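Engineer: Have a look at this one.
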Amino acid sequence: MLTRNDTNIQSLLDENTHVIVQFGASWCMPCKQLKPKVEKISLESPDIVFAYVDIEATQDFSKKYQIMSVPTTIGFHNGIEIQRVVGDNLVNVKGLVEMLRSRVNEP
């Protein structure tokens, strides 16, 4: 899973069809617990690009997507948000992966 900042997260969305972004913070215990689980899912999902964004290091991007609590995980298809999961529910994150996989053959 790639760690991104404001200067390169938008280009990641622009250059890839399917992206999952986990928003978190260094002080957030649920974020710390969820991150390695999402990293494991990312290794099992080479058809989807995964990124981690620290809300304190990416304030403009976090504000753009109205991140109100962390962890928040967002799935993007062609740069457009298609679904978000708020909280550390791994089942919902896996559902987000499956939803994106169903769109893998879409342009």
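Engineer: Do the conditions hold for I80, that is, is it touching a Lys or Arg at 6+ places or on another chain (Cβ under 8 Å) and closer than 18 Å to N16 by Cβ?
Structural biologist: no
Engineer: With V85, V70, V97, V93 as the choices, which residue is assigned to a strand (DSSP E or B) and surrounded by 13 or more Cβ atoms within 10 Å (Cβ to Cβ)?
Structural biologist: Values: V70 fails: assigned to a strand (DSSP E or B); V97 fails: assigned to a strand (DSSP E or B); V93 fails: assigned to a strand (DSSP E or B).
Just a single option satisfies the conditions, and that option is V85.
Engineer: For the condition under 19 Å from T3 (Cα atoms) and modelled with pLDDT under 90, what is the one hit in V49, V97? Working first, answer last.
Structural biologist: Values: V49 fails: modelled with pLDDT under 90.
Residue meeting the stated conditions: V97.
Engineer: When you scan region 23-37, do you find a residue that is open to solvent by less than 50 Å² (accessible area, probe 1.4 Å), of a type outside the set (A, V, I, L, M, F, W, C), assigned to a strand (DSSP E or B) and closer than 15 Å to G95 by Cα, even just one?
Structural biologist: Checked against the condition, which is being open to solvent by less than 50 Å² (accessible area, probe 1.4 Å), of a type outside the set (A, V, I, L, M, F, W, C), assigned to a strand (DSSP E or B) and closer than 15 Å to G95 by Cα, region 23-37 yields no hits at all.
Engineer: Criterion first (over 18 Å from P30 (Cβ atoms), out of contact with any Asp or Glu (no Cβ under 9 Å at 6 or more places or on another chain) and open to solvent by 40 Å² or more (accessible area, probe 1.4 Å)) does S102 satisfy it?
Structural biologist: Numbers: over 18 Å from P30 (Cβ atoms): yes; out of contact with any Asp or Glu (no Cβ under 9 Å at 6 or more places or on another chain): yes; open to solvent by 40 Å² or more (accessible area, probe 1.4 Å): yes.
When the stated conditions are applied, S102 passes them.
Engineer: While we're looking at this one, here's another question. Under 6 Å by Cβ, and 6 or more places apart or on different chains, what pairs join a residue from region 46-67 that is farther than 11 Å from F23 by Cβ and open to solvent by 40 Å² or more (accessible area, probe 1.4 Å) with one that is of a type in the set (V, I, T) and not in a strand (DSSP E or B)?
Structural biologist: From residues that are farther than 11 Å from F23 by Cβ and open to solvent by 40 Å² or more (accessible area, probe 1.4 Å), the pairs are D47/V104.
Engineer: Same structure, new question: Which count do you get for residues in region 48-67 that are in a strand (DSSP E or B) and either touching an Asp or Glu at 6+ places or on another chain (Cβ under 8 Å) or of a type in the set (F, W, Y) (or both)? Walk me through it before giving the result.
Structural biologist: Pass one, region 48-67, residues in a strand (DSSP E or B): 49-54.
Still in the running and either touching an Asp or Glu at 6+ places or on another chain (Cβ under 8 Å) or of a type in the set (F, W, Y) (or both): 50, 52.
So the answer is 2.
Engineer: Could we say that N78 is surrounded by fewer than 16 Cβ atoms within 10 Å (Cβ to Cβ) and either among the acidic types (D, E) or in contact with a strand residue (DSSP E or B) (Cβ under 8 Å, 6 or more places away or on another chain) (or both) here?
Structural biologist: So N78 does not fit the description; no.
Engineer: Just checking, which of S42, S62 is under 12 Å from the mean Cα position of the chain (by Cα) and either under 15 Å from N92 (Cα atoms) or acidic (D, E) (or both)? Don't jump to the end; show me each part of the working.
Structural biologist: Details: S62 fails: either under 15 Å from N92 (Cα atoms) or acidic (D, E) (or both).
Exactly one of S42, S62 is under 12 Å from the mean Cα position of the chain (by Cα) and either under 15 Å from N92 (Cα atoms) or acidic (D, E) (or both), namely S42.
The values are calculated or read from the model by the stated rules, or taken from the named source; none is laboratory data. Everything numeric here is computed off the predicted structure, so don't read it as measured data. Glycine also receives a Cβ, built like all others from the backbone with ideal geometry; neighbour counts cover every protein chain displayed. These accessible areas exclude ligands, DNA and RNA; they are computed on the full protein's heavy atoms, side chains included. Shrake-Rupley method; radii C 1.70, N 1.55, O 1.52, S 1.80 Å.
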